Amino acid sequence: MSVEDSKRKTQIVQDFQSKMDYDELLNCMRCGFCLPSCPTYIETGGDEAASPRGRIALMKAVVDGKMEPDKDFEDQLSLCLGCRACEPACPSGVKYGHLLEEARDILQAKKKHSLPVKFVRRFFFDQVFPHQNRMRTLNSLMWFYQKSGVQKLARATNMTRIAGKNMSTMEKVLPAIPSPLKMKNRPEHIEAEGAVKKKVAFFSGCLMDTVFMETNDATLYLLKKANCEVVIPQTQNCCGALHAHSGEKDTAKELAKKNIEAFEEGDFDYIISNAGGCGALLVEYDYLLKEEPVWKDRAKAFSDKVMDITEILYDAGLPEMELDPQVVTYQDSCHLRNVMRTAAAPRKLLQSIKGVTYMEMKEADQCCGSAGTYNIIEQEMSMQILDHKMANVEKTEAATIVTANPGCLLQMKAGVEREGKRDSMRAVHIVDLLAEAVKYGEKSLQKA
Amino acid sequence: MLNKEVRGKLEKIVGRENLLDSQQDLIVYSYDATPDYQALPDAVIKPRHKEDVAEIVKVCNEYKVPVVPRGSATNLCAGTTPLEGGLVMLFNYMKDIIEIDEENLTVTVQPGVITLDMIKAVEEKGLFYPPDPSSMKISTIGGNINECSGGLRGLKYGVTRDYVIGIEFVMPDGSIVKTGGKLAKDVAGYDLTRLMVGSEGTLGIITEATLKLIPVPETKKTMLALYDSLEAAGNTVSKIISNRIIPATLEFLDQPTIQVVEDFANIGLPTEAGAILLIEQDGPEEVVERDIQRMAEICEETNALSVQIAQSPEEGEALTSARRSALSALARLKPTTILEDATVPRSKIAEMVKAIEEIADKYNVKICTFGHAGDGNLHPTCMTDARNRDEMQRVEQAFEDIFAKAIDMGGTITGEHGVGVMKSPYLSWKVGEAGVEAMRAIKQAFDPNNIMNPGKVFAKDARKRVVVQR
Ligand SMILES: Cc1cc2nc3c(=O)[nH]c(=O)nc-3n(C[C@H](O)[C@H](O)[C@H](O)COP(=O)(O)OP(=O)(O)OC[C@H]3O[C@@H](n4cnc5c(N)ncnc54)[C@H](O)[C@@H]3O)c2cc1C
Ligand code: SF4
Ligand code: SF4
């Protein structure tokens, strides 16, 4: 081991000792109740090191000075999907997600990346995601390249080096990017269609408001139909989830503060998110900023208001929905289910659509393998999980796979692609399907 | 570390990929669910079939390398903590359900099968395997057999022992023994099946087991009774049994436990009650209906504050699953949770719980008690912090008093979790010196080199409780 390596390890151990929440580590009583819900434990055929109980033991061993933070250790934490399915299963209430985030943050800060990876990380994490206008610029770029048929962007940033094969499937499934002009004129306020039932603010999200802009439009359309008055604060930003989960916590904190400020003024009761991945971080802003006295309470006030779009739609009620007869299945977004604890509302909404036969798939609550940047970094495991998932989808004979998060949506689309089922199966975001069903329902009514 | 020669031989048997000894592997196989115990093995091995097991054990016997068979490591007696190093043996490749025999009503499985997976598989065929430890979602049949695990249905249906009718195991010298079979009767020689059940991996390695099944009961009903004190609940238990009713489940929670379970499960348990009884009856509808009605009356006669009969199977299931989570939910209160399973004749339950309360006061420690009221199996659970060595000392003394008290009442030091390391110092309290010697003689005859899960069951240092030791 080089001197530099051993220095780095010593530093990591020190950081683990000073930063990891030891009470939380001890809170794990090693009962093993979380094991059956952990995708990596299952996919590895029961490897304890790839289980939540094992990972917690490893982190604790590093703090206790019983183990060096070696490559195996870093790989094991990297293999974790961060899906947090272990949390609802844990009767002891261990906050595994927080432990993982802290550990990754320490490792990340001490990481030596190869130059291209470093460049890509800095480019995306510092330059693109935090700046909504750059997100738009980048999208304009992508839009331009897409239109001119050259996918140079990935190559230019060396993205292909880390992304490999998977990236090309991913490129295939990316939605058509909206034109820059459209992206510039985003609405700020939407009136309810009838008498106002709820007043809400909409968290538009960086990816959602650009690449998935149509889904955001559908969201606003549905809120209107559900008689919600919507404000869309213009100074809001990327939620910071990708940063927080990739060990870029400081940037995540900065973003959180900007968002808290953006949503502090205004007359509304809820902050609505339509991406499980974003929502889950938004409800934990208070945790993210727990060490900053000035922000803690403001963060809590923000987090308390966060709610998923499906909850509010189910609560406020939508007009009669209808679709052509089809079998529909739902894939939980891990963070929506395990952190925001929203699981019933999306299912109930889907079941209420006329013409839809809802089939619950086996293990719908298990991660699809997308997990933020996971499907790029841990390709092999990600694809193994996806194939497993698609086998369960097929058993339902569903024509439509519904998801509630952009990452999951792309992953499921990639799944459809991998299975060569593009002609008989589609993957959609739940709000897109609901909007389609509301419109269809209106048409049927007019006909009648 | 294993010496090179042993390592080479083992690798030859299972292949390099199935012999693990990286730093990470040693750490994650160094513990089980028992608080405050941890010790690194020298390596971890994954046999693919019984022939591998036999070959591995032969090598270990020759070189005197300890072997610690491990299921899911949910035991609560430090049973799979490799205190003397050696090999931890996993059954990841041996988790098949070999056969469900619908004519003889048996199921034959490999040891690594998850209890609940097997229960679900037999239930699909309309058959029933009653032993249901709270940990069944992740525990293995191999572990269940070796601890002789019990569950919520123990009162009426018995425990694991009552369902194991045939075993195949590898002796410490590598020979393979088959006992019992799909037989209702079998008196050919000593009852080795019974001997292996509850042997905690100290006599041999189970590679296959045949379990008895029964038809699934037609219906089930659940009810909940509230009391202002545990004694009142204890009276109900005695009266139900003396009225010749044997409910499928008869569980109790004391007040602090109720509070914590409710915080966790949110099912509307009355947190102000002094005690709760969870009662379940299964069987033909008319019997269930009659028994539930009669038991509800008995509850009222014995001063229950209220009696609530679950209106749907889902409601009943919510109540039972809340009880299942009791132990883990208690773990939320403090970093370290130490759970014991002292057991007394069921008529002594209320008296024992009272004694536990007094002992907790005496040593100034926090103990919640819940458990299987029907079979006298209590789970006094202490919430503490392993870092507080002074308090840990008092916890140890408190449990020592609890064991002594249980034995005075004609009870035992452990009802279902096994002796392992945790309770080995007290074994002679229950079975006497002569009893321990008889057991030692059996161990010596099976395993003269003491390679099978050494350091378990028999204490090096009898009587001194070892909970504080690392
Ligand atoms: C939250 C919680 C709740 C629990 N509830 C209950 C309960 O309600 N009732 C109850 O009785 N117990 C309970 N337990 C204890 C524990 O779950 C049981 O003892 C269970 O049977 C252990 O199964 P396992 O697969 O985890 O075995 P392990 O813990 O891995 O092993 C248990 C013992 O079996 C041996 N062993 C395992 N496989 C083999 C084999 N193939 N051959 C030879 N020896 C083997 C091991 O060496 C060890 O001595 C609970 C534990 C926890 C953490
Ligand atoms: S977050 Fe998901 S993958 Fe990671 S340990 Fe928990 S359940 Fe397993
Ligand atoms: S369920 Fe919770 S307490 Fe139990 S092993 Fe998993 S993380 Fe630890």
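Tabulated values for the structure
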{"item": "From B:GLY143, B:GLY154, B:GLY204, residue being within 27 Å of B:VAL237 (Cβ to Cβ) and either crowded, with 22+ Cβ neighbours inside 10 Å or within 16 Å of ligand 2 (Cβ to nearest atom) (or both)", "result": "B:GLY154"}
{"item": "Residue check for B:GLU262: closer than 19 Å to B:ARG346 by Cα, open to solvent by less than 70 Å² (accessible area, probe 1.4 Å) and either not in a helix (DSSP H, G or I) or not assigned by TED's automatic domain parsing to the domain that holds B:ILE356 (or both)", "result": "no"}
{"item": "Selected residue (only one of A:GLU68, A:GLU101, A:GLU74 is within 28 Å of A:TYR285 (Cβ to Cβ) and away from ligand 2 (no atom under 11 Å from the Cβ))", "result": "A:GLU74"}
{"item": "Residue tally, condition within 14 Å of ligand 3 (Cβ to nearest atom), farther than 22 Å from A:GLY407 by Cα and within 12 Å of another protein chain (Cβ to nearest Cβ), over the range A:74-107", "result": "7"}
{"item": "Number of positions in the range B:1-43 that are in a loop (DSSP other than H, G, I, E, B), away from chain A (no Cβ under 14 Å) and open to solvent by 50 Å² or more (accessible area, probe 1.4 Å)", "result": "2"}
{"item": "Test: residue in the range A:83-97 that is more than 26 Å from B:SER321 (Cβ to Cβ), open to solvent by 10 Å² or more (accessible area, probe 1.4 Å) and more than 16 Å from ligand 1 (Cβ to nearest atom)", "result": "no"}
{"item": "Criterion violated by B:ARG48 - all others in (1) modelled with pLDDT of 95 or more; (2) more than 14 Å from chain A (Cβ to nearest Cβ); (3) in a loop (DSSP other than H, G, I, E, B); (4) surrounded by fewer than 17 Cβ atoms within 10 Å (Cβ to Cβ) satisfied", "result": "(2)"}
{"item": "Residue in the range A:387-404 that is farther than 29 Å from A:ALA448 by Cβ, surrounded by 23 or more Cβ atoms within 10 Å (Cβ to Cβ) and within 15 Å of ligand 2 (Cβ to nearest atom) present", "result": "yes"}
{"item": "Options B:GLU391, B:GLU437, B:GLU400; residue that is exposed (fewer than 15 other Cβ atoms within 10 Å of the Cβ), farther than 25 Å from B:GLY86 by Cβ and outside the structural domain of B:TYR63 (by TED's automatic domain parsing)", "result": "B:GLU437"}
{"item": "The range A:274-287, residues that are touching a residue at least 24 places away in the same chain (Cβ under 8 Å) and either surrounded by fewer than 24 Cβ atoms within 10 Å (Cβ to Cβ) or more than 23 Å from the chain's Cα centre (by Cα) (or both)", "result": "A:VAL283, A:TYR287"}
{"item": "Test: residue in the range B:79-102 that is at pLDDT 95 or above, within 14 Å of chain A (Cβ to nearest Cβ) and within 16 Å of ligand 3 (Cβ to nearest atom)", "result": "yes"}
{"item": "Condition check for A:LYS71: within 9 Å of chain B (Cβ to nearest Cβ), farther than 21 Å from B:SER139 by Cβ and surrounded by fewer than 21 Cβ atoms within 10 Å (Cβ to Cβ)", "result": "no"}
{"item": "Matching residues in the range B:369-388 - criterion: being more than 14 Å from chain A (Cβ to nearest Cβ) and either hydroxyl-bearing (Ser, Thr, Tyr) or open to solvent by less than 20 Å² (accessible area, probe 1.4 Å) (or both)", "result": "B:THR369, B:GLY371, B:HIS372, B:ALA373, B:GLY374, B:GLY376, B:ASN377, B:LEU378, B:PRO380"}
{"item": "B:PRO69 crowded, with 17+ Cβ neighbours inside 10 Å and assigned to a strand (DSSP E or B)", "result": "yes"}
{"item": "Selection within the range A:35-67 - more than 7 Å from chain B (Cβ to nearest Cβ), small (Gly, Ala, Ser) and over 24 Å from the mean Cα position of the chain (by Cα)", "result": "A:GLY65"}
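The values are calculated or read from the model by the stated rules, or taken from the named source; none is laboratory data. Everything numeric here is computed off the predicted structure, so don't read it as measured data. Counting neighbours? That spans all protein chains shown, and the Cβs are built from the backbone with ideal geometry, glycine included. Remember, those area values only see protein heavy atoms, side chains included, never the ligands or the DNA or RNA. Shrake-Rupley method; radii C 1.70, N 1.55, O 1.52, S 1.80 Å.
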